[in-house]
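Here is the structure we will look at, set down as structure tokens.
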């Protein structure tokens, strides 16, 4: 009966690591936390405020220049034949071309879209951070469960060693060896529990909520297999999209700089009052002795074309700069993506290798346990193999975590279309 119970515990430990359909649970919980992280992110709100603030520049750039009003007063009135001119008042309004105003508005709109692009970059980074913080939580929980299962297994081994000792078939040192190993397991379990608490607090901080809030997560991660990533497009990568937006800003600014050389036309009036002198008998001819009103027109003459040419050249160079940065970013993305694909393949190979090693080692352990029960085996070797089994499973958990973190990173390189809405 002891043999059956012992083997069943080993089998239970094996089943605990077998593929379980947790995809719906894990995906649902993770999606909830991703939405929460995006909603609570002050960085995203800051980018949104920057966008709204930039859009407020549109009525500023579309406004006409302020009208100019001039007034002048003679310290001594100017003596004219028909009266005294004491001063003048004039008003002038400059009228920019409509195409210039449209170009300025277009530049502002493109600049505002850059802040939307930065918001998408921030959102993409937050999703990547949350995903990479999510899987260590589940991995740590799996490791704790493995340690507990191993602790139960050691209890059965200790009971077997005690029975053998009581029957005079094994030394008392076998029992003590099991106790020492159990103490190590308990210490490791305590460390894992402390680590889990820290990981959960860090995860809650990432979500910008209370550190002790409850986190709902599955008991284990999904099984892993060779990645089937056929899509190599980076069309949704927010960094590349942001560089495209900066190119669009430079194009709009170049058009604006070229239109700035257009002359502006102004129109206005000048009013000069005349005060008739008193005590004069001079006969005033018609249309004399009246206040004077004079229409005025003005036009700017853009003769300093070098500054406009330099502004256009500047924006052309900016476009080339951002295009080169986009090409450099694309090379970096491709290199990192290829490395991540290799890491995922490597994780799957090692995972399958450890699984095969686990199965064979478990068979050896069962044989040695039978021999020990018949007073022919060595408990030290049993404990070593039992620890080896635990190490295999612990390493498999680590491999799954690394696999999913690499997978999350690959997805972030391609960008998440939903955040572009």
Would it be correct to say that residue 127 is over 30 Å from residue 369 (Cβ atoms) and either out of contact with any strand residue (DSSP E or B) (no Cβ under 6 Å at 6 or more places or on another chain) or part of a helix (DSSP H, G or I) (or both)? yes
Which of (1) over 25 Å from residue 406 (Cβ atoms); (2) surrounded by 13 or more Cβ atoms within 10 Å (Cβ to Cβ); (3) at pLDDT 90 or above is the odd one out, the single condition residue 174 does not satisfy? (3)
Applying the selection to region 296-306, what residues are closer than 24 Å to residue 92 by Cβ and without any contact (Cβ under 8 Å) to a residue 12 or more places away in the chain? 303, 304
Name the residue, out of 99, 90, that is surrounded by fewer than 19 Cβ atoms within 10 Å (Cβ to Cβ), in a strand (DSSP E or B) and on the phi < 0 side of the Ramachandran plot. 90
Here are the criteria: (1) under 30 Å from residue 178 (Cα atoms); (2) modelled with pLDDT of 90 or more. Tell me which single one residue 375 does not satisfy. (2)
Regarding residue 308, is this residue assigned to a helix (DSSP H, G or I), at pLDDT 95 or above and crowded, with 16+ Cβ neighbours inside 10 Å? no
Need at least 3 residues that are surrounded by 11 or more Cβ atoms within 10 Å (Cβ to Cβ) and modelled with pLDDT of 90 or more per element, so show me which helices (runs of 4 or more DSSP H) inside region 12-75 make the cut, counting only ones lying wholly within it. 23-40, 42-55
Would you be able to say whether some residue in region 376-390 is within 23 Å of residue 218 (Cα to Cα), part of a helix (DSSP H, G or I) and out of contact with any strand residue (DSSP E or B) (no Cβ under 6 Å at 6 or more places or on another chain)? yes
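The values are calculated or read from the model by the stated rules, or taken from the named source; none is laboratory data. Since the structure is predicted, the reported quantities are computational estimates derived from the model, not experimental observations. Note that we place each Cβ from the backbone using ideal geometry, even for glycine, and neighbour counts take in every protein chain shown.
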